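> Dropping the structure in here first, questions after.
Please treat every number below as a calculation from the coordinates, not as lab data. Predicted model only: the values in this text are computed from it and were never measured.
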Ligand code: GLN
């Protein structure tokens with residue numbers, strides 16, 4: 001199994017370190033050719049307008065959208081969540097247009113721009129997950145087959161839709177591997193189906 005990590009910006013090394021801990025091979029993805037031969041893709045945090053522009057410049061937008069539509073498992077954290085979304089409120093920035101989500105960027109205001117909190121995420125079991133938010137977005141609304149996995153203060157902070165998984169926070173900045181393991185279950189399902 002090989003997981004690609006979009007390596008244009010953000011916490012690429014941290015995602016790779018978690019996957020290494022889980023004995024999974026990773027490859028940094030920069031160009032369309034890097035997408036051959038991967039079983040799943042992680043879209044890390046960063047700045048979504050910048051990453052969108054780079055994806056457009058490297059002609060990566062359509063190949064990524066096509067892969068997501070074809071069922072390749074993708075996991076977006078923070079900026080990754082914004083990129084996966086079909087609707088970005090008040091913005092026409094480049095994105096992949098895959099999940100039936102409406103996303104508000106930088107949605108926690110100045111005082112809460114960055115914060116950490118223990119949250120209960122039922123699909124991960126009983127122990128709370130320590131979630132780290134950095135100028136995070138949130139999902140205002142999710143439609144069709146989209147399913148919220150974490151709701152807090154009327155905000156959807158983690159969600160899935162078939163092969164797609166998105167979190168508003170940064171699981172790669174903790175030592176808790178459960179969300180990456182949850183993603184890897186999707187990858188195994190895709191690989192062996
Ligand atoms: N605020 C950033 C954006 O809109 C996301 C921040 C992050 O990825 N940590 O792209």
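> Quick one: give the max-minus-min coordinate of the C-alpha atoms of the range 9-73 along each principal axis, largest first, in Å.
Principal extents (largest minus smallest coordinate, Cα): 32, 26, 17 Å.
> Normalised by the empirical 2.2 N^0.38 Å for globular proteins, what value does the Cα Rg of the chain take?
Cα Rg divided by the expected 2.2 N^0.38 Å: 0.93.
> Here is a follow-up. In the range 1-75, what % of DSSP beta bridges are antiparallel (nearest 5)?
Close to 0 percent.
> On the Cα set of the range 23-125, report Rg and Dmax in Å, please.
Over the range 23-125's Cα set, Rg and Dmax evaluate to 14.8, 43 Å.
> Suppose we keep just the DSSP beta bridges with both residues in the range 32-144; what percent of those would be antiparallel, to 5?
60
> Moving on to the next point. Any chance you could list P(r) for the range 82-193, counting all Cα-Cα pairs in 10 angstrom bins from zero, rounded to whole %?
Reading the bins upward from 0: 14, 45, 35, 6, 0.
> Once the piece of chain linking residue 47 and residue 153 is laid out straight, how much longer is it, given 0.36 nm per residue of separation minus the C-alpha distance between them?
Full extension from residue 47 to residue 153 adds 35.7 nm.
> Looking at the chain, send over the antiparallel percent of its DSSP beta bridges, to the nearest 5.
55
> Separate question: Over the range 91-133, what lengths in whole Å, largest first, do the semi-axes of the equivalent ellipsoid take, defined as the square roots of 5 times the eigenvalues of the alpha-carbon gyration tensor?
Ellipsoid semi-axes (Å, largest first): 25, 18, 7.
> Same structure again: Averaged across orientations, what area in nm² does the convex hull of the alpha carbons in the range 118-160 project?
Approximately 3.3 nm², given one-decimal rounding.
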